[in-house]
Amino acid sequence: MKKLILFTILPLLLSCQNSDFKYSDKETLQFLEDISKNAKVSITDITEIKKQPTDEFEIITRYPLPKKRLEEYRKNNATLTNRDDDISDFATYTIKEYKLTNEKGEDLKLVDNGKANYLQEYPLWENNHILYQNVGIPLKLNKNFEKLTGFITIEFEMPNKTRKEKQIPVNISVYDKIQE
């Protein structure tokens, strides 16, 4: 009986999520272009501090804050209300292919870190007088690395089935400095 209720409610919940998607095709395409164009691999802030071999890293990217959110930001003295209907809240991703090697020449595998396949919101960042929303994907490996090289091919998808695939080069070290 419990399984029947779950199977009845789950499709309803999923359909409600997509019905809240209020973005035009043009906005969706621009968002996917922005996050694809700006996607790169980075060490985590913890790794930057510790400078020790790790099995964690992330894909980070950004998109310009939409005009409405920028107005809210300026009106409220550089603060924004966290909402669940920003365009990034609807983006999902699939890792299509990857090849990752550590400094020992070992091939590393991605492991399930228990996180959902949605983008996580990170702090805002201003560059050249444009305010960006940073978003990212935390990733975990089956072994540690001090230096990690290779590539990750990722596909971003929106509820209206618009997709954008991007191959991201990987060349990071635990001694790197985070740029954004």
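The values are calculated or read from the model by the stated rules, or taken from the named source; none is laboratory data. What you see is a predicted model; the values in this text were computed from it and never measured. FYI the Cβ positions are ideal-geometry reconstructions off the backbone, even for glycines, and counts take in every protein chain you see. In case anyone asks, the SASA skips ligands and DNA or RNA and just uses the protein heavy atoms, side chains included. Shrake-Rupley method; radii C 1.70, N 1.55, O 1.52, S 1.80 Å.
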Point to revise | Estimated Rh, the chain: Kirkwood, alpha-carbon pairs, angstrom | key: 18.0
**Study point:** Under Karplus coefficients 6.51, -1.76 and 1.60, residue-wise ³J(HN,Hα) of the stretch 40-49 in Hz, glycine/proline x
**Key:** 8, 9, 8, 6, 8, 5, 5, 5, 4, 6
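So which of Lys115/Lys166; Lys104/Lys164; Lys51/Lys109 end up more than 28 Å apart, counting from Cα to Cα? The partial results should precede the final answer.
Values: Lys115/Lys166 21 Å; Lys104/Lys164 33 Å; Lys51/Lys109 21 Å.
Among Lys115/Lys166; Lys104/Lys164; Lys51/Lys109, the Cα-Cα distance tops 28 Å for Lys104/Lys164.
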Exercise for review: Mind ranking 105-116, 150-161, 30-41, 81-92 by how tightly packed they are, going by the mean number of other C-beta atoms within 10 angstrom, highest first?
Suggested key: 30-41, 150-161, 81-92, 105-116
Check your understanding: Normalised by the number of residues in the stretch 46-171, what is the relative contact order in percent for Cα pairs under 8 Å and 6+ residues apart?
Key -> 33
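With +1 assigned to the C-beta of every Lys and Arg and -1 to the C-beta of every Asp and Glu, and no other charges, what is the dipole magnitude of the chain about the Cα centre in debye, to the nearest 20?
On the way: 28 positive and 29 negative charges, 40 e Å.
Computed about the Cα centre, the dipole is about 200 debye.
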Practice item. Hey, can you grab everything whose amide H is under 5 Å from the amide H of Glu103? Only 5+ residues off in sequence or another chain; H modelled, so Pro and N-termini drop out. Key: Glu146, Lys147
Revision key, fill the gap. For the stretch 156-173, in residue order, the Karplus 3J(HN,Hα) values (coefficients 6.51, -1.76, 1.60; θ = phi - 60°; whole Hz; Gly and Pro = x) are 8, 9, 10, x, 7, 6, 6, 10, 8, 9, 9, 9, 10, x, 10, 7, 10, 9
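Using per-residue counts of other Cβ atoms within 10 Å, averaged over each peptide, order 166-177, 122-133 from highest down.
Details: 166-177: 14.7, 122-133: 13.0.
Packing proxy ranking, top to bottom: 166-177, 122-133.
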Check your understanding: What does the accessible area per residue of the chain come to in Å², with a 1.4 Å probe and no ligands, DNA or RNA counted?
Key -> 62
Point to revise | Vicinal HN-Hα couplings computed from phi for the stretch 125-137 (Karplus, 6.51 cos²θ - 1.76 cosθ + 1.60; Hz; Gly/Pro x) | key: 8, 9, 9, 6, 6, 10, 8, 10, 9, 7, 9, x, 9
Review point. Using a probe of 1.4 angstrom, how much of the accessible area of the chain is carbon and sulfur, in percent?
Key: 52
Practice item. For Glu146 and Arg83, compute 0.36 nm times the residue count separating them, minus their Cα-Cα distance, and round to one decimal in nm. Key: 19.0 nm
Check your understanding: All other residues with a Cβ under 13 Å from the Cβ of Lys37 taken together, and with Lys, Arg as +1 and Asp, Glu as -1, what is their net charge?
Key -> +1
